[in-house]
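Notes follow once the structure below has been shown.
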Amino acid sequence: QVQLVESGGGLVQAGGSLRLSCAASGRTFGSYAMGWFRQAPGKEREFVGAITRSGGVTYYADSMKGRFTISRDNAKNTVWLQMNSLKPEDTAVYYCAARAGTPVRHDGGYDYWGQGTQVTVSS
């Protein structure tokens, strides 16, 4: 099993940046592909991006490409989501998730979830 804890959320003005962190417990972090998802009020949870176990390949939702970057350090049991050029529509609770194997884009494919961190982008 792995436990995930997100941090780094907050209030930022449009055009600003935030870096979210997801710290994992356990010594098998490198065995898990990691995904980031978000959920805005009244909306379904949506895929933000994902990274392979080694960190060599990343995937992004189209609306995040070029603005968001996912990275990981398996020695630190941490994955990050760097968010630039934030927009009010990026306001949501952001979650990290883990799954064995390769990354997928649907949230049902992930076995472990963090509690989420709120990101609010003001206009």
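The values are calculated or read from the model by the stated rules, or taken from the named source; none is laboratory data. The structure displayed is predicted, hence computed values, not measured ones. Using ideal geometry, Cβ is built from the backbone for each residue, glycine included, and neighbour counts are taken over all protein chains shown. To get the accessible areas, we keep the full protein, side chains included, count just its heavy atoms, and leave off ligands, DNA and RNA. Shrake-Rupley method; radii C 1.70, N 1.55, O 1.52, S 1.80 Å.
In the range 62-73, of all residues being in contact with a helix residue (DSSP H, G or I) (Cβ under 9 Å, 6 or more places away or on another chain) and part of a helix (DSSP H, G or I), the one that is surrounded by the most Cβ atoms within 10 Å (Cβ to Cβ) corresponds to 64.
Residue count for the range 32-64 satisfying the condition of being of a type in the set (Ser, Thr, Tyr) and modelled with pLDDT under 95: 1.
Only strands (runs of 3 or more DSSP E) whose full extent lies in the range 3-59 are considered here, and the ones with at least 1 residues that are farther than 20 Å from residue 111 by Cα and open to solvent by less than 60 Å² (accessible area, probe 1.4 Å) are 10-13, 18-24.
Flag: residue 68 does not match the condition of being under 22 Å from residue 3 (Cα atoms) and among the aromatic types (Phe, Trp, Tyr).
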